[in-house]
1. Residue by residue through the stretch 315-327, note down the ones that are touching a strand residue (DSSP E or B) at 6+ places or on another chain (Cβ under 9 Å) and either farther than 30 Å from residue 247 by Cβ or part of a helix (DSSP H, G or I) (or both).
2. For the stretch 218-234, check the following and say yes or no: at least one residue is within 26 Å of residue 308 (Cα to Cα) and of a type in the set (Ser, Thr, Tyr).
3. Could you list, in sequence order, the residues of the stretch 214-248 that are surrounded by fewer than 19 Cβ atoms within 10 Å (Cβ to Cβ), touching a residue at least 40 places away in the same chain (Cβ under 8 Å) and under 19 Å from the mean Cα position of the chain (by Cα)?
4. Are there any pairs with C-beta distances below 6 angstrom linking a residue in the stretch 11-36 that is under 14 Å from residue 297 (Cβ atoms) and in contact (Cβ under 8 Å) with a residue 24 or more places away in the chain to a residue that is of a type in the set (Lys, Arg) and surrounded by fewer than 18 Cβ atoms within 10 Å (Cβ to Cβ), with the two at least 6 apart or on different chains, and if so which?
5. Looking only at residues that are aliphatic (A, V, I, L, M), within 27 Å of the chain's Cα centre (by Cα) and under 18 Å from residue 249 (Cβ atoms) in the stretch 304-346, which one is modelled with the lowest pLDDT?
6. Just checking, does the stretch 250-259 include any residue being β-branched (Val, Ile, Thr), closer than 15 Å to residue 124 by Cα and either in a helix (DSSP H, G or I) or touching a strand residue (DSSP E or B) at 6+ places or on another chain (Cβ under 9 Å) (or both)?
7. The conditions are (1) crowded, with 16+ Cβ neighbours inside 10 Å; (2) in contact with a Lys or Arg (Cβ under 8 Å, 6 or more places away or on another chain); (3) on the phi > 0 side of the Ramachandran plot, and residue 179 fails exactly one of them. Which is it?
8. Within the stretch 197-213, take every residue that is free of Cβ contacts under 8 Å to residues at least 60 places away in the same chain and closer than 23 Å to residue 107 by Cβ and give me the one that is surrounded by the most Cβ atoms within 10 Å (Cβ to Cβ).
Amino acid sequence: MVLQSDDWARVGIRDKEGFEQLRSNGLRLGEHPYDLYTLETARDVAGLAYLLERHRDSSGRSPCLVMNFCVANLDFPKMRKLGFTGIELMNLASGLPGRWSRPGLFEAYRQGIHKGVLYPAMHGLTHFCPVAVENALLENGERARLLRLLWEAETPYIYWRMPWIGYEYWNPEKPHAGFLSYNRQQNLIQKSCAEFSSFFDTKPLSACAAGYRANNDTHRAWAEAGIRVVQNGSGRGLKAPHMDEFGLLHLYRAIDVEPSQKELDTEKYLEIAAVCVARGSPIVISTHAINFHSSLKDFRTSTLIALDALLKALESKYPGLLYVNDEELYTLVTDGNLRNRSQRITVSTAPFERRAAVMYAGTS
């Protein structure tokens with residue numbers, strides 16, 4: 001079983017002060033959970049890590065959450081000095097921008113990684129499409145006004161209110177709608193990998209495109225940058241893992257655990273897990289960072305309770321369950337073994353489409 005999670009280290013609404021500033025400027029907030037997206041705290045991360053440490057699989061290993069990081073945020077003070085006329089970025093290695101403050105957060109990431117219950121992976125630089133923002137600023141209309149209102153409050157954007165902002169590698173609107181060119185994507189990916197390495201002191205091996213918007217050019221640029229695992233969303237049904245033409249292992253999420261968005265149905269999740277097991281595919285569970293936030297609204301408490309219950313149910317139903325992260329799963333597929341495990345792992349493949357293979361992992 002694999003746990004994957006998006007949007008870590010990406011700032012949103014700057015806590016209560018930023019929330020009230022936006023409301024005083026006429027923005028109605030509270031209609032959607034992502035009106036309350038802010039940024040995780042050290043306590044949020046520590047609480048998650050503590051929960052994961054308490055669980056064990058058949059080999060005695062705790063689950064490891066693959067955390068997809070945005071490795072840069074908007075540099076609001078610098079942009080303010082320039083009249084909010086363009087995008088300026090601050091990388092994670094330089095800290096958080098402006099009045100954003102999260103004492104101990106970066107150390108909490110590193111502690112969880114050191115304990116083996118957190119695993120850093122790449123989400124990108126900023127999540128939104130830079131071309132879409134550049135176009136909006138050039139038009140200098142209502143969209144630019146909204147961007148500047150948000151930026152003045154040190155909030156980058158609220159996606160559900162402005163889907164025209166797109167995703168990092170994908171611009172939703174004309175005159176250049178669709179995926180960015182290969183050269184533009186390659187440039188963004190090279191910068192992301194460099195910033196990731198600067199912050200984590202290691203190169204990223206797994207990546208998930210913002211909004212799951214990735215194409216052949218994205219995959220090519222990822223492979224050239226050393227990425228080996230691609231995380232895909234759950235919208236394509238229970239699709240089996242496969243290797244593509246660039247040697248990338250594609251994983252597909254099967255279960256979405258999003259307590260901030262919807263009521264959870266553990267029985268349904270167990271049914272989906274059973275289908276994955278029957279098909280010989282890994283159980284890939286997805287949850288977003290907002291579910292662990294607590295500053296504007298306490299999403300964390302209910303999420304930890306729900307995740308704890310789901311892990312207990314899976315451990316009870318599958319005595320031979322193995323928790324792995326993306327790197328371990330890639331090693332299992334390519335080398336046929338897992339390091340530091342007492343079980344002997346067997347892997348079998350069978351073609352199901354061109355250049356693809358189903359994977360089955362068993363223990364004995």
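The values are calculated or read from the model by the stated rules, or taken from the named source; none is laboratory data. In this text, all values refer to a predicted model and were calculated from it rather than measured experimentally. Here the Cβ positions follow ideal geometry from the backbone for every residue, glycine too, while neighbour counts run over all protein chains shown.
1. Of everything in the stretch 315-327, those that are touching a strand residue (DSSP E or B) at 6+ places or on another chain (Cβ under 9 Å) and either farther than 30 Å from residue 247 by Cβ or part of a helix (DSSP H, G or I) (or both) turn out to be 326, 327.
2. Yes, the conditions are met somewhere in the stretch 218-234.
3. 215, 233, 234, listed by residue number.
4. Listed pairs, sorted by first residue: 36/297.
5. Filtering first and then ranking leaves 338.
6. For the stretch 250-259, residues β-branched (Val, Ile, Thr), closer than 15 Å to residue 124 by Cα and either in a helix (DSSP H, G or I) or touching a strand residue (DSSP E or B) at 6+ places or on another chain (Cβ under 9 Å) (or both): absent.
7. Of the numbered conditions (1) crowded, with 16+ Cβ neighbours inside 10 Å; (2) in contact with a Lys or Arg (Cβ under 8 Å, 6 or more places away or on another chain); (3) on the phi > 0 side of the Ramachandran plot, the odd one out for residue 179 is (3).
8. For the stretch 197-213, the residue satisfying everything is 197.
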